[in-house]
Amino acid sequence: MAPRSTLHNAAFTMVGQLTARVLALVFYAVLARAVGPARYGDQGFGVAVGTLFVTLLEPGLNMLLIRDGARSRADLEERLAESLGYKLSLLAVAWPLSVVICAALGYHAEALWAVALAGGGILLGAIEDVAASALIAVERLDVEGLLRTLSKVLTAGSGLLALAFGADFVVVLGASCAGSALAGLLALSLVRRSGVHVHLRLSPVAALRRVLASWPLAVTVVLWLLTLRLDQFLASVMGVEHDELGNYNAAVKVVEALILFPNAIATAFQPVISRAWPQGPRECSQPLSQAMAAAMALSLAIAAGGAVLSPGICGLIYGDRFQTAPTLLAVQLFALPLVGLQFISMHTLVAAGAVRQQAIAVAVNFAVNIVCNVVLVPRLGVMGATISAVAGGVAAVGVFLVSLHRLGLSAGLWSAVWRPGVAGALMVAAVLAVRDHVPLLVAIGVGGVVYGAVLWAVGGMNAVLALRRARSTAA
């Protein structure tokens with residue numbers, strides 16, 4: 001197979017994930033309109049619980065699978081077999097355990113069904129994710145992008161079909177959960193068709209040894225997923241009304257859909273950085289700085305443009321029932337560039353074997369997030385949760401940059417940020433001038449043209465050219 005450029009790999013996974021996120025967003029938008037903020041808040045709570053429990057299934061094994069698999073096909077197949085055995089065993093424990101614990105905490109009716117079905121879909125997604133990691137390791141991001149699209153066709157499509165037939169809230173969630181199970185089977189089939197031998201190794205001793213050896217990664221995964229979902233759980237426990245949680249969940253879904261852009265860049269560079277590190281910090285700094293520049297060029301534009309257009313975006317997706325979602329979205333979007341920096345830094349530290357430093361950075365994010373939530377949510381409601389997420393991201397990025405510097409790596413952050421920053425500022429000015437006079441899509445187009453022109457004028461397109469020159473070297 002002819003080698004593909006990193007730009008092509010990023011484009012493959014971006015298109016696949018973009019299609020998947022659009023399908024998911026359509027499902028969430030239709031579901032929100034059909035069931036209203038209260039039941040939509042239940043669905044968000046169920047997803048949050050599933051995300052907390054999925055940490056038992058993914059204690060850092062996927063990142064090691066990509067790192068080791070990018071360097072050796074034999075290691076890839078061994079890690080994949082062990083990971084599948086471990087995840088399927090823990091799935092049988094974590095799924096019923098999540099329902100039992102929430103029932104013991106007093107949740108019932110639709111909220112408990114949401115934990116079982118919406119949360120269960122998240123747990124089943126762990127099988128798809130380990131298969132996607134194997135595809136990333138061999139740089140088959142074309143297949144990985146296809147997998148993400150087909151997965152959402154199954155999960156979101158099943159839910160939409162149930163809604164079309166007038167099914168109630170619980171049946172819709174059940175249909176989507178069944179789609180998640182089918183997506184896991186499809187994922188393993190695609191890995192096999194990509195030339196990777198897929199088999200199952202049920203070895204508790206080997207799995208335990210692998211988990212114990214990578215305990216900082218396990219801590220990282222747990223804290224990262226807790227950080228992503230604990231805000232909604234804490235807000236619910238602290239008495240925030242489900243209507244407000246529904247508005248918060250609506251904004252979160254838009255941000256989660258847009259995270260695919262920096263995530264696609266980080267994913268495309270993950271195997272490249274894994275192979276570059278053994279050559280030394282200087283050689284590894286080149287793909288690291290390229291990844292930073294590309295991620296910032298995308299995410300800063302989306303964050304700034306989305307913030308000024310948030311009322312139109314939320315109105316188009318959700319209608320006029322989610323009154324506070326636009327304000328929440330405008331703030332949440334500034335987490336996008338922070339997430340991009342964190343993803344790339346995580347992959348680099350794993351490649352360098354500095355997994356403890358990665359765990360420390362994510363722990364700082366988690367701690368700042370928790371403290372800010374406890375202080376701000378009782379005073380500001382879900383806006384406090386939004387501010388907390390951004391504050392935690394800023395703190396984590398600072399720790400990541402220090403860790404990279406200590407390893408002798410140059411991230412080139414200033415070069416990655418100033419050009420998109422200038423282009424983004426002029427784009428915001430242009431959008432503010434026209435947004436009240438033209439349709440939303442026209443305003444988006446104006447912003448895109450201005451941003452692209454200014455970025456080109458200040459030399460920001462060099463990051464794209466570097467991506468195009470970089471070639472895949474996967475076997």
request  = Could you tell me whether segment 140-155 includes any residue that is surrounded by fewer than 20 Cβ atoms within 10 Å (Cβ to Cβ) and out of contact with any helix residue (DSSP H, G or I) (no Cβ under 9 Å at 6 or more places or on another chain)?
outcome  = no
(request) May I ask you to verify whether V382 is surrounded by 14 or more Cβ atoms within 10 Å (Cβ to Cβ) and farther than 24 Å from A307 by Cα? (result) no
- Task: Would you confirm whether any residue within segment 394-404 is open to solvent by 20 Å² or more (accessible area, probe 1.4 Å) and in contact with a Ser or Thr (Cβ under 7 Å, 6 or more places away or on another chain)?
- Result: no
Counting only helices (runs of 4 or more DSSP H) entirely within segment 235-354, those with at least 2 residues that are in contact with an Asp or Glu (Cβ under 6 Å, 6 or more places away or on another chain) are 260-276
- Test A257 against the criterion of being among the aliphatic types (A, V, I, L, M), within 20 Å of the chain's Cα centre (by Cα) and open to solvent by less than 10 Å² (accessible area, probe 1.4 Å), and give yes or no. no
The residue that is nearest to T155 (Cα to Cα), considering only those in segment 10-26 that are open to solvent by less than 60 Å² (accessible area, probe 1.4 Å) and out of contact with any Lys or Arg (no Cβ under 8 Å at 6 or more places or on another chain), is M14
Filtering segment 180-219 down to residues that are in contact (Cβ under 8 Å) with a residue 60 or more places away in the chain, within 15 Å of S133 (Cβ to Cβ) and part of a helix (DSSP H, G or I) yields G184, A187, L188, V191, R210, L217
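The values are calculated or read from the model by the stated rules, or taken from the named source; none is laboratory data. As the structure is a prediction and not an experimental result, all values here were calculated from the model. No Cβ is skipped: glycine too gets one built from the backbone with ideal geometry, and neighbour counts run over all protein chains shown. These area figures cover heavy atoms from the full protein model, side chains too; ligands, DNA and RNA do not enter into them. Shrake-Rupley method; radii C 1.70, N 1.55, O 1.52, S 1.80 Å.
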